[in-house]
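The values are calculated or read from the model by the stated rules, or taken from the named source; none is laboratory data. Just so you know, these numbers come straight off a predicted model, no measurement behind them. Here the Cβ is made from the backbone with ideal geometry for all residues, glycine too, and neighbour counts use every protein chain on show. For the accessible areas, the whole protein counts, side chains as well, though only heavy atoms, and no ligand, DNA or RNA atoms are used. Shrake-Rupley method; radii C 1.70, N 1.55, O 1.52, S 1.80 Å.
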2 protein chains.
Amino acid sequence: MTAPRTAPATAATVHGPVGAHASPYARWRPVPHDAVRLAADGLLGRWQRRNTEATIPHCVAQLEGHGTLDNLRRLVGDTDAPYRGPHFADSDLYKVLEAIGWDAGRPGGEHPRGFVDDAAYLLVRAQDADGYLNSWFQGVKTGERFRDLRWGHELYCLGHLVQAAVALHRTTGRDDFLTVAGRFLRLVEAVVESGETAGICGHPEIETALVELYRLTGDRRHLDLAARMLEARGHGRLGHDHFSSKYFQDHQPVREATEVAGHAVRQLYLLAGVADVYLETGQAELLRSMERLWASVVDGKGHVTGGLGSRHRDESFGDRHELPAERAYAETCAAIASVMWNWRLLLATGHGRYADELERALYNAVAVGVGADGTSFTYSNPLQLRTGHDGSEEDSPSGRLPWFGCACCPPNLARLLASVHDYVATTSPGEIQLHLYAAGRYVLDDVELRVSTGYPWDGAVTIDAGRPLTGRALRLRIPGWCRSYRLSADGVPVRSAVVDGYATVPAGARTVTLELELPVTTLRAHPHVDALRGCVAYARGPLVYCVEQADLPAGVVLEDVYVDPATPPAADDAGDPLFPVVLAGRARHRPAPPGPLYRPVDGGDDGDAGREIEFRAVPYFAWGNRGTGAMRVWMPTDDDRRTR
Amino acid sequence: MTAPRTAPATAATVHGPVGAHASPYARWRPVPHDAVRLAADGLLGRWQRRNTEATIPHCVAQLEGHGTLDNLRRLVGDTDAPYRGPHFADSDLYKVLEAIGWDAGRPGGEHPRGFVDDAAYLLVRAQDADGYLNSWFQGVKTGERFRDLRWGHELYCLGHLVQAAVALHRTTGRDDFLTVAGRFLRLVEAVVESGETAGICGHPEIETALVELYRLTGDRRHLDLAARMLEARGHGRLGHDHFSSKYFQDHQPVREATEVAGHAVRQLYLLAGVADVYLETGQAELLRSMERLWASVVDGKGHVTGGLGSRHRDESFGDRHELPAERAYAETCAAIASVMWNWRLLLATGHGRYADELERALYNAVAVGVGADGTSFTYSNPLQLRTGHDGSEEDSPSGRLPWFGCACCPPNLARLLASVHDYVATTSPGEIQLHLYAAGRYVLDDVELRVSTGYPWDGAVTIDAGRPLTGRALRLRIPGWCRSYRLSADGVPVRSAVVDGYATVPAGARTVTLELELPVTTLRAHPHVDALRGCVAYARGPLVYCVEQADLPAGVVLEDVYVDPATPPAADDAGDPLFPVVLAGRARHRPAPPGPLYRPVDGGDDGDAGREIEFRAVPYFAWGNRGTGAMRVWMPTDDDRRTR
């Protein structure tokens, strides 16, 4: 390993959200933010364009409509409107600004400069003389600054301000947000160093932001503060109330933790920060801890969609194997945080398992969070909504909503999708790595790759470099779900062992073709996952599918449909741009007998054997775009024995 | 039906918690509170004695230790301690006083007069000149009286004060609590009549209390106010915030409701009030509504233990068939409220189905709420706790706790168990009805019955009247779970059709014997209950059983044990006073293979076929009395096909 540098190398290009291009402990480096232009007809490209055209403008309008900007304007006398929204509403503005930043700098993005200018002018004026900036504590709970780091979210909001400032600086060159953030940060440094507070935020986020600021500025103090905050955590310093220290990940030092716990978004943001500190400092103990925690997710606490967090009450992971489909919380932000963490682990280790989990989350638990219109969103993401579901409680509506009382998820989606092209490839000396197979044009230093593919609907990928890739091997991810593939370079089959999830094409190839087999896979859950007993789920490639009431014959209620795991549905062309490939098959419709909730095993009939019907499954991310109705990922089987 | 009376008949005996002895629409009448002396060695008798000796003194000590009394003392300058506990903590004191009231008046109960005198003195002094009495709004949120009926719990607390006052008046004759309650009530009447507020409480409770006060005093205004509050509900007048109107049962008028919804305890307390108003007014629409709502519980929203409420977040029922074992909330108070409601429905209709549900709740979901020591309690009552369960969150500890931040459940258990003997029998002209088969001596007017039975461990019941029961038929409940029984009077078999759940012994019998068959029953859930797919539960008589880790062979983890529904365990003498009868049988130990959470159906082995082991199931109410550890009511089966 190389020794840690003291300052980052000067950047010659625009860097994206994880500017680890010079991080000493990054095995692979992110490509520049302006390197990849996604094809307009690819799935990621379509999502990114929708984000530009619909989601970001919608978010800007919602910030105005929900008083988020007025919360700041009232501080400077521009309005006498009352404060609105949760006490951490400033972060919504910062995340939208960050999204605009990434979008402004991506090939094909847009730059609503007027909104950004207005926001900058507002923040500069609203900031107190000593650097403090938080519209809740300046405008409502005056005199209570830094009094309650457990719940105050002051450092959380600052973290998002830092990330917005970094993004806008990288893509538009402006420094004003950095100046505002820097002034507040110096105040925070003094508060943390005073020792009068816990010195850590109840909601991690600032840690990863501080490392990014270090990457931008080279100012080691930011990295040190992030590291200090990580180490200060886990000693119960935040105290607790109706939630335990575990909720805040303050129950156990991160170096000693063995399983993810507590509030899922808090846990995952914290781990993104841990990964960032590792990428800069190379402390092996941090990596070992993250590997343990990652395994605890993958082996015991992750939903098949990549959604994380089972419980509504405290938005927490819950016990190992506690993975209900029906009440899966799986907050959209947790899935986004999972992408963040897995990406950093991929950079650190070069192991495809992290790309597998990133992809699982991205195409399912993240993507489901925004509707086909780009202006409706989910917050929690259950894997089942039953017929007659009562959508009256805000945490479990029957469909997507335009905004939320706590609106963390929509702007989070916006900032991720504005930078989603940054996650498709990495480089290392003499090598290019491709992870997500998104159609588009990739300009990597002196190399230009044209990637043609219908992925994830189609497993064929062509990578055309235009000329031989002299001195550059191509490392191509073979996803963990893929059981068979063909790889050739310039028409000649490539024999490559798959190492850590990647096959390698030696340097010199000009046109590379990869064909990933995309069979429909019938999945079952570990027998300790009680909630999924006797059920199977269908996946094809990275996409998890679900059955919607809308696709069942008239008179058939979703809960009465049983599938045969031995005869899975087949991929079918749906002719629908929302989901070009659906799964179609036959199932059994066996109406449940009326009668009591509980009855003796030998007490009467189960109704008749039912009849065969046709059913269709659509990608989970696309559900709920055709009105509301029942949905389920996990289908009960006619032959439970095989799927126990 | 008889016409409503305008004032209750003069009581010649001590009445219990539901003084419906003269209610015009009660088909059956409660027996006096001093009529039944439970045998010391019967299960109910033991629970009641433990309540007297351990639980009530413990509650008194906890009130002191948690500042509940100090909250009132600080109002009159007796202490300068700060307010402690939730803003409705006064209700804990009132429920303990009510428990003391019922215990003081029961055969064999105790009367800690000093505590009651001190409490009365404190309340008289703490009450404001205008009658207002609530230590939170008098001592902390001054100036905010009646401003927030949605969350304030002022009427809820008053309701519990009324119930305490009624109990203490009935059993000890004292009027001081009634005077205090009456003064506050007059103030509340004025507030409700002013129309300035919603006129209803966010947490129903006062409705049933008002009807009871009417039964005691004959003052029709109390009944009218209760009825008015019921009718005012369901029009969104309480408003809503992070919980919808449904949470408060304010979304739909009670006459129109078709299924139970929202916060379970609120819903069930409200329904107890509806039943009370029905018992006094006979409005058929109220009964029809209750029958619909009752069916919605029994057919779709009740756990097999009688526990009610599936969700932790808002303590609500959740969707129909959303009945997870693992995260069943099933608050102890909801089970108690279910006993309250079902008892009133039984009085109103004389139908055994309500006694069945009362018994199911009492012996399982209520009884589990207190430990064998009488001084440890549950709040939520899941039907499964898995190996490695994290008990750090207060809503899902690993075992019983001595008290709670919100301590509603322990005093609620105390007041129910102090009056549990009131639920065993009723009377009507020319007839005595027995419901719960508790061993003891029942003095009913000129009749004395000696009931001998080991129920629920043993199904044999002998009822000895000492002399022929001239002019009194005996109606004996044949529980819904009972598939075979023998009934004889003075040695001669009685041939009686079972009507509405009861067999009848004609007048004139002296000694009646009833033998209820108590086979072990293997239960499965309705196929729409996804959480229980592929599992069975065991019951014997009214008792639901569960398997505890403590009863498995060394090295066997509970989650790896599968049962065969075709060969149920058999009842066995455990020789343990905590659970004289356990179930013993053979099961299969099939350790789960290590490996991923999700894998293809055809992707590898399930491990070997396992081996047979012995297992034991104990009554659900008794679990967790031998240290903490995994527990489950619903056991996965080796042959899922049969139990789908």
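By its C-alpha gyration tensor, with a ≥ b ≥ c as the square roots of the eigenvalues, how is region A:521-643 shaped: rounded for a/c under 1.5, else prolate for a/b larger than b/c, else oblate?
Since a/c reaches 1.5 and a/b is larger than b/c, the shape of region A:521-643 is classed as prolate.
Once you average over the residues of A:533-540, how many Cβ atoms of partner chains fall within 10 Å of each Cβ?
Working: counts 10, 12, 3, 3, 1, 0, 2, 0.
Whole-number average of other-chain Cβ neighbours for A:533-540 is 4.
Could you work out the mean count of beta carbons from other protein chains within 10 Å of each residue's beta carbon in B:298-308? Please list the in-between numbers first.
Working: counts 3, 4, 3, 1, 3, 2, 2, 0, 0, 0, 0.
Going residue by residue through B:298-308 and averaging, the value is 2.
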Residue by residue through B:558-566, how many Cβ atoms from other chains fall within 10 Å of the Cβ on average?
2
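May I ask you to order B:314-325, A:571-582 by the average number of other C-beta atoms within 10 Å around their residues, highest value first? Walk me through the numbers on the way to the answer.
Details: B:314-325: 24.8, A:571-582: 15.3.
Descending packing order for the listed peptides: B:314-325, A:571-582.
Could you report region B:166-286's accessible area per residue, 1.4 Å probe, as an integer in Å²?
Numbers: 3640 Å² over 121 residues.
Counting only protein heavy atoms, the per-residue value for region B:166-286 is 30 Å².
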So how exposed is A:ARG73, as accessible area in Å² (1.4 Å probe, rounded to 10)?
60
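Taking the protein assembly as shown, how many lysine pairs are there with alpha carbons less than 25 Å apart, if each pair must be eight or more places apart or span two chains?
Values: A:LYS95/A:LYS141; A:LYS141/B:LYS141; A:LYS246/A:LYS301; B:LYS95/B:LYS141; B:LYS246/B:LYS301.
Qualifying lysine pairs in the protein assembly as shown: 5.
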Could you compute how much accessible area chains A and B hide from each other, both sides summed, with a 1.4 Å probe? Nearest 100 Å² is fine.
6300
Once fully extended, how much extra length lies between A:ASP224 and A:ALA129, figured as 0.36 nm per residue of separation less the alpha-carbon to alpha-carbon distance?
31.7 nm
Ranked from the most accessible area to the least, with a 1.4 Å probe and all protein chains present, what is the order of A:THR387, A:THR426?
A:THR387, A:THR426
Leaving ligands and nucleic acids out of the surface, order B:THR332, A:THR453 by accessible area at 1.4 Å, largest first.
A:THR453, B:THR332
Calculate what fraction, in whole %, of the accessible area of chain B sits on carbon and sulfur atoms when a 1.4 Å probe is rolled over the protein chains.
50
For A:ARG467, which inter-copy label distances result when the label point lies 7 Å beyond Cα on the Cα-to-Cβ vector, reported in nm to one decimal and in ascending order?
12.0
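In debye to the nearest 20, how big a dipole does region A:20-423 give about its Cα centre with +1 on each Lys and Arg Cβ and -1 on each Asp and Glu Cβ? Don't jump to the answer; show the numbers that get you there.
On the way: 43 positive and 54 negative charges, 129 e Å.
Magnitude of the dipole: close to 620 debye.
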Where a ≥ b ≥ c are root eigenvalues of the Cα gyration tensor, a/c under 1.5 meaning rounded, otherwise prolate if a/b exceeds b/c and oblate otherwise, the protein assembly as shown counts as prolate
Note on region A:521-643, DSSP bridge orientation, antiparallel percent to nearest 5 equals 95
Rounded to the nearest 10 Å², the accessible area of B:ILE200 at probe 1.4 Å
0
Label point 7 Å out from B:GLU64 along Cα-to-Cβ: which residues of region B:106-141 have amide N under 11 Å?
B:115
Rounded to two decimal places and with Rh computed the Kirkwood way over Cα pairs, what is Rg over Rh for region B:146-271?
0.98
Go through A:ASP356, B:ASP276 and list them by solvent-accessible area, largest first, probe radius 1.4 Å.
A:ASP356, B:ASP276
Centre separation in Å (Cα based) which lies between region B:257-304 and region A:244-315
44
Accessible area of A:GLU256, 1.4 Å probe, to the nearest 10 Å²?
110
For chain A, what does the alpha-carbon gyration tensor say about shape, rounded, prolate or oblate, given a ≥ b ≥ c as the root eigenvalues, a/c under 1.5 as rounded, and a/b over b/c as prolate?
oblate
Through the Karplus equation 6.51 cos²θ - 1.76 cosθ + 1.60, θ set to phi - 60°, convert the phi angles of region A:190-196 into ³J(HN,Hα) values in whole Hz; use x for Gly and Pro.
5, 5, 5, 5, 5, x, 7
Between A:ASP608 and A:GLU515, how high is the FRET efficiency from 1/(1 + (r/R0)^6) when r is the Cβ-Cβ distance and R₀ = 41 Å? Nearest 0.05.
0.35
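What translational D, rounded to a whole number of µm²/s, comes out for region B:252-390 from Stokes-Einstein when the hydrodynamic radius is the Kirkwood one over Cα pairs, at 20 °C and 1.002 mPa s?
Numbers: Rh = 15.1 Å.
Taking Rh from Cα pairs, D becomes 142 µm²/s.
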What residue among A:THR332, B:LEU185, B:THR55 has its Cα farthest toward the positive end of the dipole of the protein assembly as shown, where the charges are +1 on Lys, Arg and -1 on Asp, Glu, each on the Cβ?
A:THR332
Selected from A:HIS235, A:LEU444, A:PHE317, residue furthest toward positive end of dipole (chain A; charges at beta carbon)
A:LEU444
